Amino acid sequence: MSNTKSFYFLSLSILSFISCTSHQPLPFIGESEVVNGITVNHQVPIFRFADQNGDSITTQTMSDKIYVADFFFTRCPTICPKMARQMLRLHEHYRDNPDFALLSHSIDPKHDSVPVLKKYSEKLGVSASKSWHFLHVPSDVLNFTAMEYLAALQKDTTSDQGFTHTGHFILIDQDRHIRSYCDGTKPDEVNRLMRDIDWLIAEKNKK
C-alpha cells in the first residue's frame, strides 16, 4: 500500500475514533487553514453526478441540506450489504425530513452504470426515494472525491470485484463540512450517528 493510501486509512481510523467518542457540539473534521486571520474548515468540493434515475445531483441539490455519504459498489459481497441495511435504517427514519439526504457513491464506475444503480435501488425498495441518491462517479474524479470525504478505497487485484474500501458513513453539514463518522456496518455506531444527525439538524434550524 502506498504511503498516501496508508495515510488515509490511518486518518480514517483516527477520525472515526474521535467521532465515536466526541461530545456535542460536533467537531469540524479535516484539515483547516487560516486565511486572512480566519480559520477555514475543510469542505467537500463542488460536485455533479448522475443518480439512479439519471437526474443530476449537484452541490446545489444539497444546498442547505445535511446528508450522510458512503462509498460502495453493487457487486460487493462483504461489507456493502451490511452498510445497505444501516443506510435503510437512516432512510426510514429521516425520509420525510426535507433537511436530510443520503448520497451513496459507487466506486465501480465501469460496472455500476445508471441502469445498474437503478436496479440496485429497486432491490432495496428505494428506487422512488427523493432523499437517497445512488451516484455514478466517473473514474477520473473517483479517487479525488473519496479523498475529499476522507474515505479510504483502493483497487485490489486479489479480489474478484477488484476493490477494497472502508464502510464508514460520513456526516456532512449544510455548509459541506465533515462533522462526524461512524462504522456503517455496526448498528450501535449508527445509533450514535443518528444522535449526531438529530443534533446537527436542530442546530441548523436554530439559525
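The values are calculated or read from the model by the stated rules, or taken from the named source; none is laboratory data. The structure displayed is predicted, hence computed values, not measured ones. Cβ atoms come from the backbone with ideal geometry, glycine included; neighbour counts cover every protein chain shown.
Annotations for the structure displayed:
- Given (1) modelled with pLDDT of 95 or more; (2) closer than 24 Å to ASP55 by Cα; (3) assigned to a loop (DSSP other than H, G, I, E, B), index of the condition THR185 fails: (2)
- Matching option when the condition is in contact with a strand residue (DSSP E or B) (Cβ under 8 Å, 6 or more places away or on another chain), part of a loop (DSSP other than H, G, I, E, B) and closer than 16 Å to ILE170 by Cα, among MET87, MET62: MET62
- Exactly one residue out of PRO81, PRO27 is outside any helix (DSSP H, G or I) and surrounded by fewer than 17 Cβ atoms within 10 Å (Cβ to Cβ): that is PRO27.
- ASP108 being free of Cβ contacts under 8 Å to residues at least 40 places away in the same chain, surrounded by 18 or more Cβ atoms within 10 Å (Cβ to Cβ) and part of a loop (DSSP other than H, G, I, E, B): no
- Checked against the criterion of being buried (at least 22 other Cβ atoms within 10 Å of the Cβ) and modelled with pLDDT of 95 or more, the candidates LEU103, LEU124 yield just one match: LEU103.
- Some residue of region 35-58 being touching a Ser or Thr at 6+ places or on another chain (Cβ under 7 Å), exposed (fewer than 14 other Cβ atoms within 10 Å of the Cβ) and hydroxyl-bearing (Ser, Thr, Tyr): yes
- Within region 195-206, residues that are under 16 Å from ALA101 (Cβ atoms) have Cβ atoms under 9 Å from residues that are of a type in the set (Phe, Trp, Tyr) and in a helix (DSSP H, G or I) in these pairs: ILE197/TYR94; ILE201/TYR94, counting only partners at least 6 apart in sequence or on another chain.
- Sole exception among (1) charged (D, E, K, R); (2) in contact with a His (Cβ under 7 Å, 6 or more places away or on another chain); (3) surrounded by fewer than 15 Cβ atoms within 10 Å (Cβ to Cβ) for ASP183, by number: (3)
- Out of PRO115, PRO77, PRO109, sole residue that is touching a helix residue (DSSP H, G or I) at 6+ places or on another chain (Cβ under 9 Å), over 15 Å from ILE197 (Cα atoms) and not polar (S, T, N, Q): PRO109
- Of the candidates ARG179, ARG85, ARG89, ARG95, the single residue that is without any contact (Cβ under 8 Å) to a residue 24 or more places away in the chain and of a type outside the set (Asp, Glu) is ARG85.
- Taken over region 34-51, the criterion of being over 16 Å from the mean Cα position of the chain (by Cα) and either under 19 Å from SER129 (Cα atoms) or in a loop (DSSP other than H, G, I, E, B) (or both) is satisfied by ASN36, GLY37, ASN41.
- Among all residues of region 144-167, there is none that is within 26 Å of ARG95 (Cα to Cα), modelled with pLDDT of 95 or more and among the aliphatic types (A, V, I, L, M).
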